[in-house]
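Read the structure below first, then the notes.
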Amino acid sequence: MRAYWELAKGGYRRYARYRAAIAAALIANGAFGFIRASLLMTTITTAGTAVGGYDLKQASTYVWLGQGLLGAIPLWGMTEIAARVKSGEIAMDFLRPVTALGQWWAMDLGRAASQLLPRLVPMLAVGALMTGLALPAHPLPYLLFAVSLVLAVSLGFLAWTLVNLLAMWVVEVRGYQALFMIIMNLLTGLLVPVSWFPGWLRTLADATPFPSMFQTPIDVIMGVAGIHAMGVQALWLVVLVGVAQVMLHRGTQKLVIHGG
C-alpha cells in the first residue's frame, strides 16, 4: 500500500504544478457553466414545472457541481497508457513490484485530487452568487458524495484504460478515443441530466457505466440518488477491473516490444 500511496502523491504533485492551466480551465468552465445553466433553467421555466426530477435550484446545482468536477473526472480523454504501449515504456510498468493497473490507477487518483478543490470551490462560489444552489445542510450527503466521487473517478479512469489498452492490438487508437469521448460525454449526463433523455436513450444509458462516472455523485449530494446508485457504481467498478485485467493478461501474451 505504501507504494500506491507514493504513486498517488506523485500524480498529485505532477498535475498540481500546472496552476496556469487550472486558471484557464476555470475561465472556460465558468463560461460554459453559464451557457449550460441558462439552457437548463430556461427549459424548466418554459415547462412551468420540474423536468426529469430537477427544479430550478437543482438544475443550477447540477450544472455548477458538474463544471467543478470536470477536472477530477476524466471525461476529456486519457492517452498516456496508449502512448506507453506504443513507445514500449509499458514494459517498465510490468517490471515494477506493483501491478501495472494499480500504478496507473493510483497516479490518476492523485491527479484527480490535485484538480478537485481548485476547480470545484470556485465553480460552486460562482453558482451560489449567480444562480443559487441547492446543497444539503447536514454532513451525511457530503460523506456519501466523497465516496461516490472516488468511485466515479475510478470508473472514468478504468473506462479510458480499456480504450488505451486497445493499443496492444491495433496500431492507432486515436479514432477509438475520439469516438469514445463523444459517447462518454453524451451518456454520462454532461450535456443534460440522463433523466432528461428520451425513454429509449435513458434505458440505453442506464445499461452502461457512463451515468455512474458523472451524474451519480452529483445526484447523491443533492439527494436525488442514494445508496442504490452507489451500489451500481461499485458493481461497474468490479466489472471494469475484471475486463481490464483480462485485456492486460491477453495483451501481454501478444504484445512484442522491440529491444526487450
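Every number here is computed from the coordinates shown, using simple stated rules; none is lab data. The shown structure was predicted, so the numbers you read here are calculated from the model rather than taken from an experiment. Heads up, the Cβs are rebuilt from the backbone with ideal geometry, glycines too, and the neighbour counts pull from every protein chain shown.
Worth pointing out:
- Based on alpha-carbon atoms, the Kirkwood radius and the radius of gyration of segment 175-224 give Rg/Rh equal to 0.99.
- Partners for residue 86 among lysines (Cα-Cα distance below 23 Å; same-chain residues under 8 apart left out): 254
- Of every Cα-Cα pair in segment 6-49, the percent that sits beyond 12 Å: 70
- Comparing 139, 156, 248 along the charge dipole axis of the chain, the residue lying farthest to the positive side is 248, per the Cβ-charge model.
- Local electrostatic count at residue 228 - Lys and Arg +1, Asp and Glu -1, tallied over other residues with Cβ under 15 Å: -2
- Total formal charge among the other residues, if their Cβ is under 14 angstrom from that of residue 26, Lys/Arg +1 and Asp/Glu -1: +2
- The local environment of residue 255, defined by Cβ-Cβ distances under 14 Å, has a net charge of +2 under the rule Lys, Arg +1 and Asp, Glu -1.
- Calculated P(r) of segment 108-243 - Cα pairs past 24 Å, %: 35
- Projecting the Cα atoms of 1, 188, 35 onto the dipole axis of the chain, where Lys and Arg carry +1 and Asp and Glu carry -1 at the beta carbon, places 1 farthest toward the positive end.
- Fraction of the pair-distance distribution of the chain above 28 Å, Cα-Cα pairs, percent: 36
- Estimated at 0.36 nm per residue, the fully extended path between residue 89 and residue 178 surpasses their Cα-Cα distance by 29.7 nm.
- Dimensionless Rg/Rh of segment 1-82 - Kirkwood Rh, Rg from C-alpha atoms: 1.15
- By the combined test of axial Cα extent (at least 27 Å) and Kyte-Doolittle hydropathy (mean at least -0.5), the qualifying DSSP H helices of the chain come to 19-47, 100-130, 140-164, 227-254.
- D_trans [Stokes-Einstein, Kirkwood Rh over alpha-carbon pairs] for segment 37-134, 20 °C, 1.002 mPa s, µm² s⁻¹: 133
- Estimated FRET transfer efficiency (residue 243, residue 129; beta-carbon r; R0 30 Å; 0.05): 0.10
- Those residues of segment 76-94 whose amide nitrogen sits under 20 Å from the label point placed on residue 13, 7 Å along Cα→Cβ: 93
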